[in-house]
Amino acid sequence: TEKSDVYGFGVVLFELITGRSAISTNCNGERVPLVKLVRPELMRKDIKVIIDPRLQGQCDINSIRMVAETAMTCTEEKSVIRPTMTEVVAHLKEAMEIERSRKTSGSGKKWAFSAYSSSFGKTSSSATRTSNADSNIYPSA
């Protein structure tokens, strides 16, 4: 279903940001889903802990934050909370615009945090639909 695809896309976004695979090893050596490792760090607003070191200095922290917030909403346990792919694309375009403006201006705070406020916390009309398939695949909270 579309909401299952959105979840999977969120996992891919986390893989890109962290440089880790969808199933990763935690500090105890256990193999766990990357989403379970990353979401708690982002809930604590500790984005620098999860970012792939190879991205440091290559991307604006604010654009990475936007991608991470997008991935967070995509990987919500309840499918009705997840955005549509149209909403995901719109958010990723905003992140790309931050990168474009940074590169064309030659300036920008590469690793400075902003008070970015996500538009994803709001309920959309698409969030009122449910999917039985999603509820079987992804547990509801």
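The values are calculated or read from the model by the stated rules, or taken from the named source; none is laboratory data. Being a predicted model, the structure only gives us computed values, none of them experimental. Positions of Cβ are generated from backbone atoms using ideal geometry, with glycine treated the same way; all protein chains shown enter the neighbour counts.
Structure data summary
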quantity	calculated
Restricting segment 8-19 to residues that are more than 10 Å from the chain's Cα centre (by Cα) and part of a helix (DSSP H, G or I), the residue that is nearest to Lys78 (Cα to Cα)	Gly8
Where Met96 falls short, out of the listed (1) of a type outside the set (S, T, N, Q); (2) surrounded by fewer than 19 Cβ atoms within 10 Å (Cβ to Cβ); (3) over 15 Å from Leu16 (Cβ atoms)	(3)
Looking only at segment 20-51, and only at residues there that are of a type in the set (Lys, Arg) and more than 11 Å from the chain's Cα centre (by Cα), the one that is farthest from Asn62 (Cα to Cα)	Arg31
Residue match in segment 52-64 (condition: charged (D, E, K, R) and under 13 Å from the mean Cα position of the chain (by Cα))	no
Residue, farthest from Thr104 (Cα to Cα), within segment 1-60, restricted to residues that are basic (Lys, Arg) and surrounded by fewer than 17 Cβ atoms within 10 Å (Cβ to Cβ)	Arg31
Residue tally, condition surrounded by fewer than 16 Cβ atoms within 10 Å (Cβ to Cβ) and either of a type outside the set (D, E, K, R) or touching a strand residue (DSSP E or B) at 6+ places or on another chain (Cβ under 8 Å) (or both), over segment 61-80	0
Extreme residue, farthest from Ser101 (Cα to Cα), among residues of segment 39-89 that are among the hydroxyl-bearing types (Ser, Thr, Tyr) and either in contact with a Ser or Thr (Cβ under 6 Å, 6 or more places away or on another chain) or at pLDDT below 95 (or both)	Ser79
Single residue of Glu76, Glu69 found to be closer than 23 Å to Gly8 by Cβ, in a loop (DSSP other than H, G, I, E, B) and in contact with a helix residue (DSSP H, G or I) (Cβ under 9 Å, 6 or more places away or on another chain)	Glu76
